[in-house]
Amino acid sequence: MKVGIYFFSQANSVEEAEAEANFLLEIIGDWELSMPVAYDWECLADDYRTVVVDARLLTDCTIAFCDTIKDAGLTPMIYFNPTQAQRMFHIEQVTDYDFWLAMYTDWMTFPYQFHMWQYTNAGTVPGVSGKVDINLLFHHN
């Protein structure tokens, strides 16, 4: 089984994004990963502490997190949806990293190359109760 890491970030500064990455690296320790370390930054409500983060800062936080992971010898990946890509990132500045796109459609219209596609959040898996996210992996170095 291939193993990777998914990290849900609430960083609102570059320093905090680096601290999150270093915290995660401490937890990972010497685990052998065959998949990337995915960075998922989201602002889920208007009263979240992350509401102050604009596209410039989010892009800088993402780069800081991913560079810290890459410097540790692991492969970073950025998880986002098309709205985040269009409105919340300077997406052209993070294209050196693998993308994991959450887009719940029957056909693809996203203009950038991506490596994983989360195509539903209403999947089913035998032995798991409730709905689950289902993804396709297209490529991993």
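The values are calculated or read from the model by the stated rules, or taken from the named source; none is laboratory data. Keep in mind that this is a model prediction, so the values were computed, not measured. A quick note on method: Cβ atoms are made from the backbone with ideal geometry, for glycine too, and the neighbour counts reach across all protein chains shown. With ligands, DNA and RNA removed, areas are computed over all heavy atoms of the protein, side chains included. Shrake-Rupley method; radii C 1.70, N 1.55, O 1.52, S 1.80 Å.
Which sequence of Trp117, Trp107 reflects their accessible areas, 1.4 Å probe, from the largest down?
Values: Trp117 30, Trp107 175 Å².
Ranking Trp117, Trp107 by accessible area, largest first, yields Trp107, Trp117.
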With all protein chains present, how much of the accessible area of region 30-141 (probe radius 1.4 Å) comes from carbon and sulfur, to the nearest whole percent? 49 percent
Measuring from its Cα centre, the chain shows a charge dipole (+1 at each Lys and Arg Cβ, -1 at each Asp and Glu Cβ) which, in debye to the nearest 20, is 520 debye
Using the Karplus curve 6.51 cos²θ - 1.76 cosθ + 1.60 with θ = phi - 60°, work out ³J(HN,Hα) for each residue of region 69-77 in order, rounded to whole Hz, and write x for Gly and Pro. 5, 5, 4, 7, x, 10, 9, x, 9
Among Leu33, Leu101, Ser9, the residue whose Cα sits farthest towards the positive end of the charge dipole of the chain (+1 at Cβ of Lys and Arg, -1 at Cβ of Asp and Glu, taken about the Cα centre) is Leu101
Would you mind working out the accessible area per residue for region 86-141, using a 1.4 Å probe, and quoting it in Å²? 68 Å²
